[in-house]
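Working notes for the structure below.
The values are calculated or read from the model by the stated rules, or taken from the named source; none is laboratory data. Remember, it's a predicted structure, so these values are computed and weren't measured experimentally. Cβ placement follows ideal geometry from the backbone for every residue including glycine, while neighbour counts extend to all protein chains displayed. All accessible areas refer to the heavy atoms of the entire protein, side chains included, with ligands and DNA or RNA removed. Shrake-Rupley method; radii C 1.70, N 1.55, O 1.52, S 1.80 Å.
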Amino acid sequence: MKKYNLYSVLKNVFVLLLLVTVTASCSNSASSEEETHPEAVGVVLYLNGDLIVEKYPSQDLINNFPTIDEGDETALISTLFIDEDGNEFIPDEPEVSLGFEISDSNIIEIEQHEGELWEFHVKGLQAGTATLTLQLMHDDHPDFESPAIEIEVVQTTAAKLSAGN
């Protein structure tokens, strides 16, 4: 019969605990990689439940943005981003936000109300065409930029009559 002394038992327990700790820490690092946020590679816009703009990876921009009457604004437009697998998502990280670039701020402006993080309105200021580029901002830089979305503002009938057209 083999005798064990306290030193050899403690040494074996320590080695076993060390192996378990190293194995557990390696498996945790892999699971943290799985929890990363999706990367935006495209964007879609919905107005009253209708798809009005879509840009999927490996597809050109499809723009069905409705014309806006001068002085009017759109209903609420919802923004969803597209990941590499073509799935729509809304970012949920606190350091990201929706950014906008407008080619001519005399023609259109963007309105966002409190609580509308991924939604906005477009207001037509005067007749003409401007482009809107959406950005998924991560702190102070964009992680994603949409292609330029052309938006047309038309002169209202009342404005045309008063102008003598």
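Tabulated data
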{"item": "Residue among Glu84, Glu116, Glu95, Glu70 that alone is open to solvent by less than 60 Å² (accessible area, probe 1.4 Å) and closer than 26 Å to Val41 by Cα", "result": "Glu116"}
{"item": "Output for the range 28-67, where each listed residue is modelled with pLDDT of 95 or more, part of a loop (DSSP other than H, G, I, E, B) and open to solvent by 70 Å² or more (accessible area, probe 1.4 Å)", "result": "Asn48, Asp60, Asn64, Thr67"}
{"item": "Residue in the range 128-140 that is acidic (Asp, Glu), touching a residue at least 12 places away in the same chain (Cβ under 8 Å) and open to solvent by less than 60 Å² (accessible area, probe 1.4 Å) present", "result": "no"}
